[in-house]
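Scroll down for the structure; my scribbles are underneath it.
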Amino acid sequence: MPFSTDNNAKPKSMKRAKEWTAEVENLFRFQQAGYRDELEYLQCKLGALIDKWPETGFVKKLQRRDDTFYHFSRSRECQDCDLHKVVVYGY
């Protein structure tokens, strides 16, 4: 997912996910933890490392804004019925 180098980048567009992809899966995980996407997570957590499953590349663990953690499994968590909840932002 390409990002702008500007640390305060704001999204210029948004759309809902229509089909499942690995990118949509990771966006689902960031949005479950209360963030827009990976860029906002890195802005809020000031360069924190993002744990990912080596087999799938999916996000493994995220720290929420209240300093608790979300732990995700290595398999798909965003079911087809949840696709309409995922927002894909364009920069």
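The values are calculated or read from the model by the stated rules, or taken from the named source; none is laboratory data. Values in this document were obtained by computation on a predicted structure and should not be read as measured data. Every residue, glycine as well, gets a Cβ built from its backbone with ideal geometry; the counts of neighbours run over all protein chains shown. What goes into the accessible areas is simple: the full protein's heavy atoms, side chains included, and nothing from ligands, DNA or RNA. Shrake-Rupley method; radii C 1.70, N 1.55, O 1.52, S 1.80 Å.
In the stretch 8-24, how many are small (G, A, S) and assigned to a loop (DSSP other than H, G, I, E, B)?
So the answer is 2.
Mind listing whichever residues of the stretch 32-91 are of a type in the set (A, V, I, L, M) and touching a residue at least 12 places away in the same chain (Cβ under 8 Å)?
Those that are of a type in the set (A, V, I, L, M) and touching a residue at least 12 places away in the same chain (Cβ under 8 Å): A33, L39, A48, I50, V59, L62, L83, V86, V87, V88.
Tally the residues that are touching a Lys or Arg at 6+ places or on another chain (Cβ under 6 Å) and of a type in the set (K, R), restricting the search to the stretch 39-76.
Looking only at that region, the number is 2.
To keep it simple, each residue is scored yes or no on (1) under 13 Å from the mean Cα position of the chain (by Cα); (2) open to solvent by 60 Å² or more (accessible area, probe 1.4 Å).
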residue	(1), (2)
K52	yes, yes
Y70	yes, yes
D80	no, yes
V86	yes, no
Y89	yes, yes
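Scan the stretch 28-50 residue by residue and report those that are farther than 19 Å from D82 by Cβ, open to solvent by 40 Å² or more (accessible area, probe 1.4 Å) and of a type in the set (D, E, K, R).
Result: K45, single match.
Can you pull out the residues in the stretch 63-73 that are in a loop (DSSP other than H, G, I, E, B) and modelled with pLDDT of 95 or more?
Across the stretch 63-73, the qualifying residues are F72, S73.
Taking the condition of being of a type in the set (A, V, I, L, M, F, W, C) and within 22 Å of E19 (Cβ to Cβ), how many residues in the stretch 33-91 meet it?
Looking only at that region, the number is 10.
Within the stretch 54-63, which residues are open to solvent by 70 Å² or more (accessible area, probe 1.4 Å) and more than 12 Å from the chain's Cα centre (by Cα)?
Residues satisfying the conditions are P54, E55.
What number of residues within the stretch 19-49 satisfy the criterion of being at pLDDT 95 or above and farther than 21 Å from G90 by Cα?
Of the residues in the stretch 19-49, 0 are at pLDDT 95 or above and farther than 21 Å from G90 by Cα.
When the stretch 6-27 is examined, which residues are found to be exposed (fewer than 10 other Cβ atoms within 10 Å of the Cβ) and of a type in the set (S, T, Y)?
S13
Looking at the stretch 61-88 only, could you name the residues that are closer than 15 Å to Y35 by Cβ and of a type in the set (K, R)?
Scanning the stretch 61-88 gives K61, R64, R65, K85.
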